[in-house]
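Input: a single structure, listed below in structure tokens.
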Amino acid sequence: MTRRKTKDLVCYLEDRECGEVLAQLLESHPDLRGETNVIAKSLLGDVSAEVTSKEVAKQVRDLGVDRLWGRSGRKPWGYLEPGEAVWELLERAVESVQDDMKRRMRAGMESAAEMLCQGVVLGLYRVEKSGGGEVVDCAPDFPLETAAYTVSTLVEMYPKSRRRAAGRRIIEGVGQRCGEWVKVLQRVVEEAIPSGKRMKKRR
């Protein structure tokens, strides 16, 4: 009797389920952790500032003004002003990349985190210089302020003694392509060194 071939169910798993399978596999076979970490390091380190910049610019430009009006107005907790709704909508567009940046930094992948930071800055610069659509038109300060906040956030994740060097690397990576922003970014880095006070998001 011919034995029926077992279907490869792994191909049908969703991301969450893949994570659960990996966790159980490592629990059963701790000897695989070393090899798994090598693969994880490769994945987390595979970052391009240029690719990230294009993704950030696209995410911001894809925001439609119809979503803005849907977010503002009366809410169960009160009234959300259109201006506040604009910033909230724009912040959400870049939040996932900022979270990825912080996640890599916590994992010790400093170069990858810096590449993501540069990508956010370059993407927002693209938006400011070539237009970001109706939503960005309602918040013209958003690109530069958010770029500065992103740099500040990452620099402050370093020990104080390493912040200046980290800031210098980030700025050198974007300087030639967003010249007029350099002075603002340099000031943000300098402010992070003595006080450690993070630049607040505008709300």
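Within segment 3-55, the GluC sites (Glu not before Pro) that combine a DSSP coil assignment with at most 15 other C-beta atoms in a 10 angstrom radius are Glu14. Annotation: amide H of Val47 has no partner in the under-5 Å range at sequence separation 5 or more or interchain, hydrogens built in the peptide plane. Per-residue 3J(HN,Hα) values for segment 115-123, derived from phi via the Karplus relation 6.51 cos²θ - 1.76 cosθ + 1.60 with θ = phi - 60°, read 5, 5, 4, 4, x, 4, 4, 5, x Hz in sequence order (x marks Gly and Pro).
Candidate cross-link partners of Lys102 among the aspartates and glutamates, defined by an alpha-carbon separation under 19 Å and a same-chain spacing of 8 or more, comprise Asp46, Glu50, Glu55, Glu91, Glu110, Glu114, Glu145, Glu156.
Values quoted throughout were computed directly from the atomic coordinates according to the rules given, and no laboratory measurement underlies them. Note that the structure is a prediction, hence the values are computed from the model and not measured. Virtual Cβ from ideal backbone geometry, glycine too; neighbours counted across all protein chains shown.
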